[in-house]
Amino acid sequence: MRRILITGMSGTGKTAVIRELAARGHRAVDLDAPEWSEWVDADASDTLTPVEGRDWVWREDRVRVLLSRHDHGRLFVSGCAENMGALFPLIDKVILLSAPLSTIMARLEARTPTGFGSTDAEREKVRGLIATVEPLLRKSADHSVDTDRPVSLVVNDILELS
């Protein structure tokens, strides 16, 4: 049994990867969904939050149950949250998705108006977070995968690494 976290900044392809893994028959869960994550109040001085005064965090109790009850095969989970490190003891491998800034910005710009990163202000926030948060993610990752190519090839690499 293996529990693999696929993480990365907004626009790196976490959702596309987790959907492709599920389509191929793997157990795959997107933790960036209200069932698994929630908005919480944050100190306005915290510059690492996606929105001033608000942070998107994992519902640790729910994610802990998901990870601890996994007892066979591979479980892929995707997401990125400030509190995810608390659950690293339950994760066997961390794979960081990354892409060139221009690719990330184009993906965010193409999102629906309700998707995070669809506005100029949100994309500017993401630019800053990439500079400060991605290096931290890289330190905790076992592997890094470039997503500036077709998702099928990205998933092939992830399957080889997991």
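The values are calculated or read from the model by the stated rules, or taken from the named source; none is laboratory data. As the structure is a computational prediction, the values presented were derived from the model and not from experiment. Methodologically, a virtual Cβ is constructed for each residue, glycine included, from the backbone with ideal geometry; neighbour enumeration extends over all protein chains shown.
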Those residues of the range 96-134 which are in contact with a Leu (Cβ under 9 Å, 6 or more places away or on another chain), touching a residue at least 24 places away in the same chain (Cβ under 8 Å), of a type in the set (S, T, N, Q) and under 17 Å from Lys14 (Cα atoms), in sequence order: Ser98
Qualifying residue in the range 47-58 (condition: in contact with a Lys or Arg (Cβ under 6 Å, 6 or more places away or on another chain), of a type outside the set (A, V, I, L, M, F, W, C), part of a strand (DSSP E or B) and closer than 22 Å to Leu97 by Cβ): no
Among (1) in contact with a strand residue (DSSP E or B) (Cβ under 7 Å, 6 or more places away or on another chain); (2) in contact (Cβ under 8 Å) with a residue 60 or more places away in the chain; (3) more than 16 Å from Thr7 (Cα to Cα); (4) assigned to a helix (DSSP H, G or I) - the single one Leu137 does not satisfy: (3)
Qualifying residue in the range 79-99 (condition: touching a Phe, Trp or Tyr at 6+ places or on another chain (Cβ under 8 Å) and polar (S, T, N, Q)): yes
Residues within the range 66-91 that are in contact (Cβ under 8 Å) with a residue 24 or more places away in the chain and in a helix (DSSP H, G or I), tallied: 8
Index of the failed condition, Gly13 passing every other in (1) crowded, with 19+ Cβ neighbours inside 10 Å; (2) in contact with a helix residue (DSSP H, G or I) (Cβ under 8 Å, 6 or more places away or on another chain); (3) at pLDDT 95 or above: (3)
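Is it the case that the range 68-85 has a residue that's surrounded by fewer than 17 Cβ atoms within 10 Å (Cβ to Cβ), hydrophobic (A, V, I, L, M, F, W, C) and closer than 15 Å to Thr7 by Cα? It would help to see each step written out before you state the result.
Let us first name the residues in the range 68-85 that are surrounded by fewer than 17 Cβ atoms within 10 Å (Cβ to Cβ), namely 68-69, 71-73, 83, 85.
Then keep just the ones that are hydrophobic (A, V, I, L, M, F, W, C); that gives none.
Taking every residue of the range 68-85 in turn, none turns out to be surrounded by fewer than 17 Cβ atoms within 10 Å (Cβ to Cβ), hydrophobic (A, V, I, L, M, F, W, C) and closer than 15 Å to Thr7 by Cα.
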Residues satisfying the stated conditions in the range 19-51, i.e. at pLDDT below 90, surrounded by 12 or more Cβ atoms within 10 Å (Cβ to Cβ) and aliphatic (A, V, I, L, M): Val40, Ala42, Leu48, Val51
Residue satisfying all of: in the range 52-61; closer than 22 Å to Asp120 by Cβ and touching a strand residue (DSSP E or B) at 6+ places or on another chain (Cβ under 6 Å); surrounded by the fewest Cβ atoms within 10 Å (Cβ to Cβ) among these: Arg54
Hey, Thr103 exposed (fewer than 13 other Cβ atoms within 10 Å of the Cβ), under 24 Å from Arg123 (Cα atoms) and β-branched (Val, Ile, Thr) or not: no
Candidates Val94, Val40, Val63, filtered to the one that is of a type outside the set (D, E, K, R) and in a helix (DSSP H, G or I): Val63
